[in-house]
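To keep things clear, I will list the structure first and then write my remarks on it.
The values are calculated or read from the model by the stated rules, or taken from the named source; none is laboratory data. For clarity, every value in this text was computed on a predicted model and none was experimentally measured. Every residue, glycine as well, gets a Cβ built from its backbone with ideal geometry; the counts of neighbours run over all protein chains shown. The area values use the complete protein model at the heavy-atom level, side chains included, leaving out ligands, DNA and RNA. Shrake-Rupley method; radii C 1.70, N 1.55, O 1.52, S 1.80 Å.
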Amino acid sequence: MEKKYKIVTYGCQMNVHESEKMAGALRRLGYEETTDDEEADLILFNTCCIRENAENHAFGNIGALKKLKKRKPSLIIAVGGCMTQEKGKTELLKKKFPFIDVMFGTLNLEELETLIKRKLDGQKRVISVREKEGEIVEGAEPFRTSYPNAWVNITYGCDNFCSYCIVPYVRGRERSRRPEHIIAEVERLVKEGYKEITLLGQNVNSYGRGVDSSFAELLDKVASVEGNFRVRFMTSHPKDFTEDVVKVMQKHKKIMRLIHLPVQSGSNAVLAAMNRRYTREKYLAEIEMLRRYFPEAEVTTDIIVGFPGETEEDYLLTEDLVKRVDFASAFTFVYSKREGTKAATMEGQLPEEVQKDRIMRLVELVNSLTRKKSEKYLGKTVEILCEDYDEKKGLYLGRDEFGRMGYFKSDENEIGNFINLKITKANGISLFGEKV
Ligand code: SAH
Ligand code: SF4
Ligand code: F3S
């Protein structure tokens, strides 16, 4: 009988892609995928620690496996990702969940195959978390699950040390992949039929240190690869976002007119305390520059409310900025204190009621802007790349070059096809249309 694995992923796109790499390793060991706990011979948790609730989720779900493991002692439980890489967390996990068999970190992901083998060879617990980042390891094939999109790492780690953020502590220093490795991967993916390439880095704009390239040069090369596909990249950092990138976008129709540019706050005092190293004026000037080239360009963002010391005036400046920029969508978060970061020791930590009140107001504002935006597309025809089928709605869905999502009906499997959609209905953030 086939051995089966199940992977549970928390966190960002980086983690989603790393789960694909972990799946690649497990398949090389002869495992096949399942989504059923009962059927699995190995359950792997790829954890995230960006906010407290991400950690609580993982703790809860790992804890819930205690009974199953008792009933089925041969089940291998493995834990990797950002949480195991956090100071003291491996020890805590070990103590709290003595039934975990294998633990590894983000910095030694490539060892997963060897670690699982050691477990299969009879070692009781295999725990190996590397403290410092090593050289980038190329060549291990991921098992991709996001067709027609393919994720491609361009940098690993982060050197920015935003004062609230744990990523630099759990992902190590920023390293850039060599451009020739990236281009070779993109060429291969396009040949295999992938239609959307998403370049991934915590701050794509700082790509290139040590490999003698800039992000704009890399983007130009990626978009110059022949074939019918499009290119996205994330995340852009406002402190480093420059016009040369927008000029490359203008040169290539293949690059989506969509930028994810996290602003975090609209108040200069808060931005300074966050160590973001830009001002609201600089941010607004970048949006203006982008829209000089592409008046219709869509911008998405991340916002944190309730940062230590944030006053009501600071918060209102965030609201004001949100209205000015008119974001296509925004991921909104309540500040979460992360042990070991600078912000954790700052004065002025805010009570939960204040944070909750601000997040509710902000979500309301963001939703109202998004609703207004979608209504503008009624009657228009847009080209979307069909990326999935929604079982509940019984509809296919995809995004246009601005990242706007559209749903439609079809009798054929349309996933991976570019489709012209005439928008007939706008409902909140979703657009509905007919294939034309
Ligand atoms: N590298 C990206 C973001 C990575 S984390 C960037 O710099 O924009 C994704 C988002 O999580 C961040 O943009 C931020 O809005 C949010 N985030 C990070 N740390 C957080 C914390 N301690 N509390 C709440 N939100 C946080
Ligand atoms: Fe975190 Fe800032 Fe790095 Fe983004 S740029 S990962 S928010 S430290
Ligand atoms: Fe991503 Fe969470 Fe790690 S957001 S980088 S998986 S801490």
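Exactly one residue out of Ile76, Ile136, Ile62 is in contact with an Asp or Glu (Cβ under 7 Å, 6 or more places away or on another chain) and either outside the structural domain of Val167 (by TED's automatic domain parsing) or in contact (Cβ under 8 Å) with a residue 40 or more places away in the chain (or both): that is Ile76. For Glu133, the conditions (1) open to solvent by 30 Å² or more (accessible area, probe 1.4 Å); (2) more than 18 Å from the chain's Cα centre (by Cα); (3) modelled with pLDDT of 95 or more all hold with the exception of (3).
Only residues that are outside any loop (DSSP other than H, G, I, E, B), of a type in the set (S, T, N, Q) and within 22 Å of Arg230 (Cα to Cα) were counted in the range 404-436, giving 2. Would you confirm whether any residue within the range 144-153 is within 16 Å of ligand 1 (Cβ to nearest atom) and outside the structural domain of Leu65 (by TED's automatic domain parsing)? Among the residues of the range 144-153, at least one is within 16 Å of ligand 1 (Cβ to nearest atom) and outside the structural domain of Leu65 (by TED's automatic domain parsing), which makes the answer yes. Restricting the search to the range 163-182, which residues are out of contact with any helix residue (DSSP H, G or I) (no Cβ under 8 Å at 6 or more places or on another chain) and open to solvent by 10 Å² or more (accessible area, probe 1.4 Å)? Correct list: Cys165, Val167, Tyr169, Arg173, Arg175, Ser176, Arg177, Arg178, Glu180, His181. Which one is surrounded by the most Cβ atoms within 10 Å (Cβ to Cβ), of the residues in the range 363-403 that are among the small types (Gly, Ala, Ser) and not in a loop (DSSP other than H, G, I, E, B)? Restricting to residues being among the small types (Gly, Ala, Ser) and not in a loop (DSSP other than H, G, I, E, B), the top hit is Gly398. Listed by position, the helices (runs of 4 or more DSSP H) contained in the range 257-356 that have at least 1 residues being more than 16 Å from ligand 1 (Cβ to nearest atom) and open to solvent by less than 20 Å² (accessible area, probe 1.4 Å) are 280-293.
Here Glu226 meets the list (1) acidic (Asp, Glu); (2) more than 16 Å from ligand 1 (Cβ to nearest atom); (3) touching a residue at least 40 places away in the same chain (Cβ under 8 Å) almost entirely, failing just condition (3).
Residues that are open to solvent by 60 Å² or more (accessible area, probe 1.4 Å) and closer than 30 Å to Val190 by Cβ were ranked within the range 136-162; the one that is nearest to ligand 2 (Cβ to nearest atom) is Val137. Inspect all residues belonging to the range 237-245 and state whether any of them is within 15 Å of ligand 1 (Cβ to nearest atom), within 30 Å of Ala343 (Cβ to Cβ) and among the hydroxyl-bearing types (Ser, Thr, Tyr). No, every residue in the range 237-245 fails to be within 15 Å of ligand 1 (Cβ to nearest atom), within 30 Å of Ala343 (Cβ to Cβ) and among the hydroxyl-bearing types (Ser, Thr, Tyr).
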